[in-house]
Amino acid sequence: RIIHLFHSSSRILIFESDSTDNTLASLHQWTTAQVYTGGRLEPTIPARSERIAYCRNTLIHKARMLEPDYLLTLDMDIFVGSLSAFLTNFDYDMKEWSVMTANVGGFYYDIWALRTLSELNLNYDVWQRVWALIRGSSKYCGESVIDQVIGIHKKPIPTSHDLLEVRSAFSGAGLYKMSSIQNCQYSGENSTCEHVPFHLCIREKNRGRIFINPSFRIDHTNDT
């Protein structure tokens, strides 16, 4: 339904890879979508973060060729959202934001993609911190480390909360002004979340401002 709010030239672009079920066949039944597939990428791009970055960069390249004003990026395997929640992104001064990312029902989960403005809060890769602690000492319990490094940041964000400006976030959906992503690409090198280099580029190269919009709430069909 969201696409019908925009110009008739708007398009739905989907990239699939490494499916082991009927996902690709089901996607091809979606006649209004342009579906691209990378086939089996894992043998040539074994790192998951780099594989996802490749898929996202392919879609960005396709989107740029269409010359749109906005790009709505979704993780389709977990996204369930309402039209009214999406429209809250336009309740704010359009000159004041470049990217609006989603909130979720329950605890905010996407800590890997999150980088706060304050250096004192969260500006490191949480999974790299977990791996370093577990490798560094046999005294650490894996589940305990994950809970202390990642779980401590998982907090609910009320939909009534003001916008939260960040360096990076995602949580399943992001609305981007195309002008803000100029010359920026996703990168999953060194097992880093692919969203982080992309968003840091938006801020540093294009002076973009990135927010979590608490009212742009989605629900997940698959908690991961």
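Nothing in this text is a laboratory measurement; each read-out follows from the coordinates by a stated rule. Computed from a predicted structure; not experimentally measured. Don't worry about glycine lacking a Cβ; one is built from the backbone with ideal geometry, like all the others, and counts go over all protein chains shown.
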| Relative exposure of SER82, SER49, judged by other C-beta atoms within 10 Å (fewest first) | SER82, SER49
| field | Per-residue [θ]222 nm for the chain (sum of -39500 (n - 2.57) over DSSP H runs n ≥ 4, rounded to 500) | value | -8000 deg cm²/dmol
| Two-site FRET efficiency, ASN22 against ASN183, from Cβ-Cβ distance with R₀ of 45 Å, rounded to 0.05 | 0.75
| If each of ARG135 and ASP219 carries a label point 7 Å out from its Cα toward its Cβ, how far apart are those two points in nm? | 4.1
| task | Multiply the residue separation of GLN34 and ASN190 by 0.36 nm, subtract the distance between their alpha-carbon atoms, and state the gained length in nm to one decimal. | result | 53.1 nm
| Gaussian network model of the chain, springs between alpha carbon atoms under 10 Å - residue of ALA85, ALA132, ALA102 with greatest fluctuation | ALA132
| message | Considering just Cα atoms, how many Å³ per residue does the convex hull of the chain enclose? | response | 144
| task | Choose one answer from ALA33, ALA169, ALA53: the residue with the largest mean-square fluctuation in a GNM of the chain with alpha-carbon springs under 10 Å. | result | ALA33
| query | Between PRO43, PRO156, PRO68, which gets the highest mean-square fluctuation from a Gaussian network model of the chain, Cα cutoff 10 Å? | reply | PRO43
| Long-range amide H partners of ILE12 with built H, under 5 Å | GLN34
| message | Taking 8 Å as the Cα distance limit and 6 or more residues as the minimum spacing, I'd like the relative contact order of the chain as a percentage. | response | 30
| field | TYR70/ASP162 FRET efficiency (R0 22 Å; Cβ-Cβ; nearest 0.05) | value | 0.45
| For CYS201, CYS55, what's the fewest-to-most ordering of other Cβ within 10 Å of each Cβ? | CYS201, CYS55
| task | Report the calculated FRET efficiency for ASN121 and LEU200 (r = Cβ-Cβ distance, R0 = 25 Å), to the nearest 0.05. | result | 0.95
| request: Report the antiparallel proportion of the DSSP beta bridges in region 2-220 as a percent, rounded to a multiple of 5. | output: 60
